[in-house]
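*Asks:* Below is one structure. I have some questions about it.
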Amino acid sequence: SAPLRAHAAAIDRYIGTSIDPDPLADEPIYGTIVAREFNSITTGNTLKWDWTQPSPGQWNFGAADTFVDFAEQHDQLVRGHTLVWHNQTPGWVQDLPSAQLRAAMESHIDAVVGRYEGRIGHWDVVNEPFEEDGSLRDSFWREGLGDGYIAEAFQLARQADPNAELYLNDYNVEGINAKSDAMYELVADLLAQGVPIDGVGLQGHLILGQVPSTLQQNIARFAALGVDVAITELDIRMQLPVTPGQLEQQARDYAEVVDACLAVERCVGLTVWSFTDRHSWIPEFFPGEGAALPWDEEYEPKPAYHAIHDALAAH
Ligand code: G3I
(Lines give C-alpha, C1' and ligand atoms only; values in the text may rest on other atoms or scores of the structure.)
Protein backbone atom coordinates (compact mmCIF):
# COMPACT_ATOMS: atom_id res chain seq x y z
CA SER A 1 0.00 0.00 0.00
CA ALA A 2 1.03 3.64 -0.37
CA PRO A 3 3.65 5.08 1.99
CA LEU A 4 2.73 7.43 4.83
CA ARG A 5 3.89 10.51 2.95
CA ALA A 6 1.53 9.91 0.04
CA HIS A 7 -1.48 9.89 2.34
CA ALA A 8 -0.25 12.93 4.27
CA ALA A 9 0.45 14.92 1.12
CA ALA A 10 -3.00 14.09 -0.24
CA ILE A 11 -4.52 15.98 2.68
CA ASP A 12 -1.91 18.78 2.70
CA ARG A 13 -0.16 17.67 5.87
CA TYR A 14 3.25 16.29 6.52
CA ILE A 15 4.47 13.21 8.31
CA GLY A 16 8.05 13.56 9.50
CA THR A 17 10.83 11.95 11.45
CA SER A 18 13.91 13.24 13.19
CA ILE A 19 17.08 11.73 11.80
CA ASP A 20 20.61 10.98 13.01
CA PRO A 21 23.81 11.13 10.98
CA ASP A 22 25.37 7.77 11.91
CA PRO A 23 22.57 5.44 10.79
CA LEU A 24 21.99 7.58 7.71
CA ALA A 25 25.62 6.97 6.76
CA ASP A 26 25.97 3.37 7.94
CA GLU A 27 22.64 1.58 7.41
CA PRO A 28 21.23 1.84 3.87
CA ILE A 29 17.75 0.75 4.93
CA TYR A 30 17.54 3.77 7.24
CA GLY A 31 17.70 6.31 4.44
CA THR A 32 15.51 4.14 2.23
CA ILE A 33 12.69 4.25 4.78
CA VAL A 34 13.11 7.95 5.53
CA ALA A 35 12.91 8.77 1.83
CA ARG A 36 10.00 6.47 1.08
CA GLU A 37 7.74 7.11 4.07
CA PHE A 38 8.27 10.72 5.18
CA ASN A 39 7.77 14.10 3.55
CA SER A 40 9.50 15.98 6.36
CA ILE A 41 12.65 15.53 8.43
CA THR A 42 13.78 17.21 11.64
CA THR A 43 17.50 17.73 12.19
CA GLY A 44 17.76 15.77 15.47
CA ASN A 45 20.83 16.82 17.43
CA THR A 46 22.79 18.28 14.53
CA LEU A 47 21.64 21.91 14.65
CA LYS A 48 21.72 22.26 18.41
CA TRP A 49 24.23 24.81 19.62
CA ASP A 50 26.68 22.29 21.11
CA TRP A 51 26.88 20.69 17.69
CA THR A 52 27.00 23.79 15.46
CA GLN A 53 29.25 26.03 17.55
CA PRO A 54 30.98 24.02 20.32
CA SER A 55 33.48 26.81 20.88
CA PRO A 56 33.27 30.46 19.84
CA GLY A 57 33.56 30.82 16.09
CA GLN A 58 34.14 27.09 15.51
CA TRP A 59 31.29 26.16 13.21
CA ASN A 60 30.18 22.63 12.38
CA PHE A 61 27.52 22.32 9.71
CA GLY A 62 28.57 19.13 7.92
CA ALA A 63 25.87 16.81 9.24
CA ALA A 64 23.07 19.34 8.87
CA ASP A 65 24.19 20.17 5.33
CA THR A 66 23.92 16.47 4.49
CA PHE A 67 20.41 16.34 5.94
CA VAL A 68 19.24 19.40 4.01
CA ASP A 69 20.68 17.98 0.76
CA PHE A 70 18.95 14.66 1.47
CA ALA A 71 15.65 16.44 2.07
CA GLU A 72 15.93 18.36 -1.19
CA GLN A 73 16.66 15.18 -3.11
CA HIS A 74 13.55 13.61 -1.62
CA ASP A 75 11.24 16.61 -1.69
CA GLN A 76 10.92 16.89 2.08
CA LEU A 77 10.23 19.81 4.39
CA VAL A 78 13.09 20.42 6.85
CA ARG A 79 12.29 21.33 10.47
CA GLY A 80 15.32 23.00 12.04
CA HIS A 81 15.78 22.17 15.72
CA THR A 82 16.57 24.27 17.75
CA LEU A 83 17.96 27.80 18.21
CA VAL A 84 17.45 28.86 21.83
CA TRP A 85 17.36 26.09 24.45
CA HIS A 86 18.81 25.59 27.93
CA ASN A 87 20.13 22.10 27.05
CA GLN A 88 22.90 21.14 24.65
CA THR A 89 24.22 24.68 24.70
CA PRO A 90 27.94 24.92 25.45
CA GLY A 91 29.30 26.26 28.72
CA TRP A 92 31.01 29.13 26.96
CA VAL A 93 27.58 30.49 26.03
CA GLN A 94 26.00 29.87 29.41
CA ASP A 95 28.82 31.76 31.17
CA LEU A 96 28.56 34.95 29.12
CA PRO A 97 27.50 38.21 30.80
CA SER A 98 24.24 39.70 29.52
CA ALA A 99 25.50 41.95 26.75
CA GLN A 100 27.68 39.23 25.27
CA LEU A 101 24.95 36.63 25.70
CA ARG A 102 22.61 38.80 23.66
CA ALA A 103 25.29 39.30 21.01
CA ALA A 104 25.94 35.54 20.91
CA MET A 105 22.23 34.82 20.43
CA GLU A 106 22.08 37.38 17.63
CA SER A 107 25.08 36.07 15.76
CA HIS A 108 24.07 32.44 16.30
CA ILE A 109 20.55 32.86 14.94
CA ASP A 110 21.80 35.02 12.12
CA ALA A 111 24.45 32.46 11.11
CA VAL A 112 22.42 29.28 11.51
CA VAL A 113 19.09 30.45 10.10
CA GLY A 114 20.82 32.55 7.45
CA ARG A 115 22.91 29.63 6.23
CA TYR A 116 19.77 27.67 5.36
CA GLU A 117 17.59 30.56 4.21
CA GLY A 118 14.89 29.22 1.92
CA ARG A 119 15.94 25.60 2.61
CA ILE A 120 14.80 25.00 6.19
CA GLY A 121 11.09 25.67 6.13
CA HIS A 122 10.25 25.49 9.84
CA TRP A 123 12.36 26.41 12.87
CA ASP A 124 11.91 25.50 16.52
CA VAL A 125 13.09 28.95 17.57
CA VAL A 126 12.67 28.61 21.33
CA ASN A 127 12.56 25.18 22.94
CA GLU A 128 11.14 24.23 26.33
CA PRO A 129 10.89 27.65 28.03
CA PHE A 130 8.28 26.54 30.60
CA GLU A 131 8.32 24.81 33.96
CA GLU A 132 5.60 22.27 34.69
CA ASP A 133 3.62 24.78 36.77
CA GLY A 134 3.54 27.20 33.85
CA SER A 135 6.15 29.64 35.12
CA LEU A 136 8.98 30.57 32.81
CA ARG A 137 12.00 28.37 33.35
CA ASP A 138 14.91 29.98 35.19
CA SER A 139 17.36 29.23 32.42
CA PHE A 140 20.55 31.13 31.74
CA TRP A 141 18.69 32.74 28.86
CA ARG A 142 16.07 34.23 31.14
CA GLU A 143 18.59 35.10 33.85
CA GLY A 144 20.77 36.92 31.35
CA LEU A 145 18.26 38.53 29.04
CA GLY A 146 14.97 38.68 30.96
CA ASP A 147 11.59 37.33 29.81
CA GLY A 148 11.96 39.24 26.55
CA TYR A 149 14.54 36.77 25.26
CA ILE A 150 11.72 34.76 23.68
CA ALA A 151 10.36 37.66 21.65
CA GLU A 152 13.89 38.70 20.69
CA ALA A 153 14.72 35.23 19.40
CA PHE A 154 11.65 35.20 17.15
CA GLN A 155 12.46 38.64 15.79
CA LEU A 156 16.03 37.62 15.01
CA ALA A 157 14.88 34.44 13.28
CA ARG A 158 12.41 36.40 11.14
CA GLN A 159 15.18 38.78 10.09
CA ALA A 160 17.47 35.90 9.16
CA ASP A 161 14.86 34.13 7.01
CA PRO A 162 11.66 36.11 6.41
CA ASN A 163 9.93 33.10 4.84
CA ALA A 164 10.61 30.44 7.46
CA GLU A 165 7.78 29.38 9.76
CA LEU A 166 8.79 30.06 13.36
CA TYR A 167 7.72 27.75 16.19
CA LEU A 168 7.64 27.73 19.96
CA ASN A 169 8.13 24.11 21.08
CA ASP A 170 7.65 22.33 24.42
CA TYR A 171 6.76 19.00 26.08
CA ASN A 172 3.93 18.08 28.44
CA VAL A 173 1.80 20.68 26.70
CA GLU A 174 -0.23 18.18 24.65
CA GLY A 175 -3.29 18.25 26.90
CA ILE A 176 -4.90 21.20 28.63
CA ASN A 177 -2.95 21.80 31.85
CA ALA A 178 -1.06 24.55 33.70
CA LYS A 179 1.89 24.37 31.33
CA SER A 180 -0.14 24.50 28.11
CA ASP A 181 -2.29 27.29 29.61
CA ALA A 182 0.90 29.29 30.12
CA MET A 183 2.02 28.54 26.58
CA TYR A 184 -1.36 29.65 25.29
CA GLU A 185 -1.13 32.95 27.22
CA LEU A 186 2.41 33.57 26.00
CA VAL A 187 1.51 32.95 22.36
CA ALA A 188 -1.48 35.29 22.70
CA ASP A 189 0.81 37.95 24.22
CA LEU A 190 3.47 37.55 21.57
CA LEU A 191 0.89 37.86 18.79
CA ALA A 192 -0.61 40.94 20.45
CA GLN A 193 2.87 42.52 20.53
CA GLY A 194 3.41 41.74 16.87
CA VAL A 195 6.14 39.20 17.54
CA PRO A 196 6.61 36.97 14.49
CA ILE A 197 5.48 33.57 15.74
CA ASP A 198 3.85 31.21 13.24
CA GLY A 199 3.38 27.98 15.09
CA VAL A 200 3.29 25.96 18.25
CA GLY A 201 5.04 22.61 18.59
CA LEU A 202 3.61 20.04 20.96
CA GLN A 203 6.46 17.56 21.30
CA GLY A 204 4.40 14.50 22.18
CA HIS A 205 6.72 12.35 24.28
CA LEU A 206 3.86 10.20 25.53
CA ILE A 207 3.40 7.14 27.71
CA LEU A 208 1.47 4.05 26.58
CA GLY A 209 -2.26 4.38 27.24
CA GLN A 210 -1.94 8.01 28.30
CA VAL A 211 -2.80 10.14 25.30
CA PRO A 212 -4.36 13.22 26.93
CA SER A 213 -8.12 13.28 26.36
CA THR A 214 -7.93 17.04 25.76
CA LEU A 215 -5.34 16.81 22.97
CA GLN A 216 -7.68 17.82 20.14
CA GLN A 217 -9.28 20.57 22.19
CA ASN A 218 -5.84 21.92 23.04
CA ILE A 219 -4.69 21.88 19.41
CA ALA A 220 -7.91 23.65 18.45
CA ARG A 221 -7.46 26.47 20.97
CA PHE A 222 -3.98 27.27 19.69
CA ALA A 223 -5.22 27.17 16.11
CA ALA A 224 -7.98 29.59 17.08
CA LEU A 225 -5.32 32.08 18.19
CA GLY A 226 -4.15 32.16 14.58
CA VAL A 227 -1.03 29.99 14.65
CA ASP A 228 -0.28 26.62 13.12
CA VAL A 229 0.19 23.62 15.36
CA ALA A 230 2.41 20.58 14.88
CA ILE A 231 3.18 17.44 16.81
CA THR A 232 6.96 17.72 16.68
CA GLU A 233 8.59 14.83 18.59
CA LEU A 234 6.06 12.05 18.90
CA ASP A 235 6.95 8.79 20.60
CA ILE A 236 4.89 6.51 22.87
CA ARG A 237 7.01 4.54 25.28
CA MET A 238 6.18 1.35 27.16
CA GLN A 239 7.60 -0.91 29.84
CA LEU A 240 9.82 -3.63 28.40
CA PRO A 241 9.57 -6.41 27.45
CA VAL A 242 7.10 -5.73 24.69
CA THR A 243 3.86 -7.74 24.62
CA PRO A 244 1.39 -8.07 21.74
CA GLY A 245 -1.24 -6.35 23.86
CA GLN A 246 1.03 -3.36 24.44
CA LEU A 247 1.72 -3.08 20.72
CA GLU A 248 -2.02 -3.00 20.04
CA GLN A 249 -2.51 -0.33 22.69
CA GLN A 250 0.35 1.66 21.16
CA ALA A 251 -1.29 1.43 17.74
CA ARG A 252 -4.53 2.82 19.18
CA ASP A 253 -2.57 5.60 20.89
CA TYR A 254 -0.78 6.62 17.70
CA ALA A 255 -4.07 6.64 15.79
CA GLU A 256 -5.62 8.84 18.48
CA VAL A 257 -2.82 11.40 18.13
CA VAL A 258 -3.01 11.41 14.33
CA ASP A 259 -6.79 11.75 14.44
CA ALA A 260 -6.63 14.65 16.90
CA CYS A 261 -4.21 16.50 14.64
CA LEU A 262 -6.12 15.84 11.43
CA ALA A 263 -9.36 17.00 13.04
CA VAL A 264 -7.92 20.54 13.21
CA GLU A 265 -7.13 22.15 9.89
CA ARG A 266 -4.21 24.18 11.23
CA CYS A 267 -2.50 21.11 12.65
CA VAL A 268 -0.08 20.98 9.74
CA GLY A 269 1.86 17.80 10.49
CA LEU A 270 3.27 15.20 12.82
CA THR A 271 6.89 14.22 13.38
CA VAL A 272 8.10 11.11 15.19
CA TRP A 273 11.29 11.44 17.26
CA SER A 274 13.24 8.90 15.19
CA PHE A 275 11.14 6.21 13.51
CA THR A 276 12.83 2.99 14.61
CA ASP A 277 13.29 1.47 18.06
CA ARG A 278 16.87 0.77 16.97
CA HIS A 279 17.64 4.49 17.33
CA SER A 280 15.64 6.12 20.08
CA TRP A 281 16.51 8.32 23.05
CA ILE A 282 14.07 6.46 25.33
CA PRO A 283 16.06 3.44 26.63
CA GLU A 284 18.95 5.66 27.71
CA PHE A 285 16.77 8.25 29.45
CA PHE A 286 14.08 5.90 30.86
CA PRO A 287 15.78 2.64 31.82
CA GLY A 288 13.39 -0.30 31.44
CA GLU A 289 11.22 1.51 28.90
CA GLY A 290 11.39 1.65 25.12
CA ALA A 291 9.74 0.38 21.93
CA ALA A 292 8.27 3.85 21.48
CA LEU A 293 8.36 4.14 17.69
CA PRO A 294 6.44 2.78 14.67
CA TRP A 295 9.26 0.55 13.37
CA ASP A 296 11.00 -2.08 15.50
CA GLU A 297 14.74 -2.60 15.95
CA GLU A 298 14.91 -4.71 12.78
CA TYR A 299 13.17 -2.01 10.73
CA GLU A 300 9.94 -4.02 10.59
CA PRO A 301 6.77 -1.90 10.75
CA LYS A 302 4.84 -2.40 13.99
CA PRO A 303 1.07 -2.19 14.53
CA ALA A 304 1.66 1.51 15.27
CA TYR A 305 2.92 2.00 11.71
CA HIS A 306 -0.25 0.51 10.26
CA ALA A 307 -2.36 2.60 12.61
CA ILE A 308 -0.67 5.83 11.49
CA HIS A 309 -1.03 4.74 7.89
CA ASP A 310 -4.71 3.95 8.19
CA ALA A 311 -5.51 7.11 10.13
CA LEU A 312 -3.84 9.25 7.44
CA ALA A 313 -5.50 7.30 4.65
CA ALA A 314 -8.94 7.53 6.22
CA HIS A 315 -8.99 11.29 6.53
O1 G3I B 1 27.90 13.05 21.24
C2 G3I B 1 28.17 12.43 22.50
C3 G3I B 1 29.20 11.35 22.34
O4 G3I B 1 30.41 11.93 21.93
C5 G3I B 1 29.35 10.64 23.69
O6 G3I B 1 30.24 9.58 23.55
C7 G3I B 1 28.03 10.11 24.18
C8 G3I B 1 28.12 9.47 25.55
O9 G3I B 1 26.96 9.66 26.31
O10 G3I B 1 27.13 11.19 24.27
C11 G3I B 1 26.89 11.83 23.02
O12 G3I B 1 26.00 12.87 23.21
C13 G3I B 1 24.66 12.48 23.41
C14 G3I B 1 23.80 13.16 22.35
O15 G3I B 1 22.45 12.91 22.60
C16 G3I B 1 24.12 12.68 20.95
O17 G3I B 1 23.82 11.33 20.82
C18 G3I B 1 24.25 12.94 24.79
O19 G3I B 1 24.95 12.22 25.78
C20 G3I B 1 22.77 12.75 24.98
O21 G3I B 1 22.38 13.35 26.21
C22 G3I B 1 22.01 13.41 23.84
O23 G3I B 1 20.66 13.15 24.03
C24 G3I B 1 19.76 13.90 23.24
C25 G3I B 1 18.86 14.73 24.15
O26 G3I B 1 17.91 15.41 23.36
C27 G3I B 1 19.66 15.72 24.97
O28 G3I B 1 18.86 16.64 25.60
C29 G3I B 1 18.92 12.92 22.44
O30 G3I B 1 19.76 12.25 21.49
C31 G3I B 1 17.81 13.67 21.71
O32 G3I B 1 16.95 12.74 21.11
C33 G3I B 1 17.04 14.52 22.70
O34 G3I B 1 16.04 15.23 22.01
C35 G3I B 1 15.22 16.11 22.80
C36 G3I B 1 14.84 17.26 21.91
O37 G3I B 1 15.98 17.88 21.38
C38 G3I B 1 14.00 18.27 22.67
N39 G3I B 1 12.86 17.65 23.29
C40 G3I B 1 13.13 16.46 24.09
C41 G3I B 1 13.93 15.45 23.30
C42 G3I B 1 14.18 14.20 24.10
O43 G3I B 1 14.98 14.47 25.22
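*Asks:* In Å², and per residue, what accessible area does segment 171-294 have when probed at 1.4 Å with the other protein chains present? The partial results should precede the final answer.
*Replies:* Numbers: 4640 Å² over 124 residues.
Ligands and nucleic acids excluded, the figure is 37 Å² per residue.
*Asks:* Can you give me the distance in nm between label points at Leu136 and Asp69, each placed 7 Å from the Cα along the Cα-to-Cβ direction?
*Replies:* About 4.1 nm separates the two model spin labels.
*Asks:* Can you put Ser40, Ser55 in order of accessible area, largest first, using a 1.4 Å probe?
*Replies:* Working: Ser40 0, Ser55 40 Å².
Result of the area sort, largest leading: Ser55, Ser40.
*Asks:* Compute the FRET efficiency between Asn87 and Thr32 as 1/(1 + (r/R0)^6), taking r as their Cβ-Cβ distance and R0 = 30 Å, and round to the nearest 0.05.
*Replies:* The pair Asn87/Thr32 has a calculated efficiency of 0.45.
*Asks:* Keeping the other protein chains in place, figure out the carbon and sulfur percent of the accessible area of the chain, with a 1.4 Å probe.
*Replies:* 48
*Asks:* Moving on to the next point. Pop out the ³J(HN,Hα) list for segment 284-295 in order, Karplus 6.51 cos²θ - 1.76 cosθ + 1.60 with θ = phi - 60°, rounded to Hz; leave Gly and Pro as x.
*Replies:* Running phi through 6.51 cos²θ - 1.76 cosθ + 1.60 with θ = phi - 60° gives 6, 8, 10, x, x, 10, x, 6, 8, 10, x, 10 Hz.
*Asks:* A further question on this structure: Over 18 Å apart: what share of the alpha carbon pairs of segment 222-315 falls there, rounded to a whole percent?
*Replies:* Summing the P(r) tail past 18 Å for segment 222-315 gives 46 percent.
*Asks:* For Thr42, enumerate residues with amide H under 5 Å from its amide H, sequence gap 5+ or separate chain, H modeled in the peptide plane.
*Replies:* Thr17, Ser18, Ile19, Arg79
*Asks:* I would also like to ask the following. If you rank Ser180, Ser98 by how much accessible surface each has, with a 1.4 Å probe, what is the order from largest down?
*Replies:* Sorted by accessible area, descending: Ser98, Ser180.
*Asks:* Once amide H atoms are built 1.01 Å from N in the peptide plane, which residues 5 or more positions from Gly269, or in another chain, come under 5 Å H to H?
*Replies:* Those lying under 5 Å, H to H, from Gly269 are Tyr14, Ile231.
*Asks:* Label Ala224 and Ser1 with points 7 Å out from Cα along Cα→Cβ: what is the distance between them in nm?
*Replies:* Result: 3.4 nm between the two label points.
*Asks:* If each of His306 and Asp110 carries a label point 7 Å out from its Cα toward its Cβ, how far apart are those two points in nm?
*Replies:* Placing both labels 7 Å along Cα→Cβ, they lie 5.5 nm apart.
*Asks:* Mind checking the full-extension length gain between Gln210 and Ala99? Use 0.36 nm per residue of separation minus the Cα-Cα distance, one decimal, nm.
*Replies:* Stretched fully, the Gln210-Ala99 segment lengthens by 35.6 nm.
*Asks:* With springs connecting C-alpha atoms under 10 Å apart, model the chain as a Gaussian network and identify which of Val242, Val112, Val211 has the largest mean-square fluctuation.
*Replies:* Most flexible of the set in this elastic network: Val242.
*Asks:* Glu297's amide H: which non-local residues (gap 5+, or another chain) put their own amide H closer than 5 Å, with H modeled 1.01 Å from N in plane and none for Pro or chain starts?
*Replies:* Asp277, Arg278
*Asks:* Divide, for segment 4-314, the radius of gyration over alpha carbons by 2.2 N^0.38 Å, where N is the residue count. Write out the running numbers ahead of the final one.
*Replies:* Details: Rg = 18.5 Å, N = 311, 2.2 N^0.38 = 19.5 Å.
Expressed relative to 2.2 N^0.38 Å, the Cα Rg reads 0.95.
*Asks:* Looking at segment 4-314 only, what percent of DSSP beta bridges run antiparallel? Nearest 5 please.
*Replies:* If we restrict to bridges inside segment 4-314, about 10 percent are antiparallel.
*Asks:* Specify the residue with the greatest mean-square fluctuation among Asn87, Asn172, Asn39, computed from a Gaussian network of the chain linking alpha-carbon atoms under 10 Å apart.
*Replies:* Largest GNM mean-square fluctuation: Asn87.
*Asks:* In square nanometres, what is one fourth of the surface area of the convex hull spanned by the alpha carbons of segment 136-234?
*Replies:* Over all viewing directions, segment 136-234 projects a mean Cα-hull area of 6.7 nm².
*Asks:* Connecting C-alpha atoms closer than 10 Å in a GNM of the chain, tell me which of Asp181, Asp133, Asp26 has the biggest fluctuation.
*Replies:* So, out of Asp181, Asp133, Asp26, the one fluctuating most is Asp26.
The values are calculated or read from the model by the stated rules, or taken from the named source; none is laboratory data. Everything numeric here is computed off the predicted structure, so don't read it as measured data. Don't worry about glycine lacking a Cβ; one is built from the backbone with ideal geometry, like all the others, and counts go over all protein chains shown. Accessible surface is based on the protein model in full, side chains and every heavy atom, while ligands, DNA and RNA are left aside. Shrake-Rupley method; radii C 1.70, N 1.55, O 1.52, S 1.80 Å.
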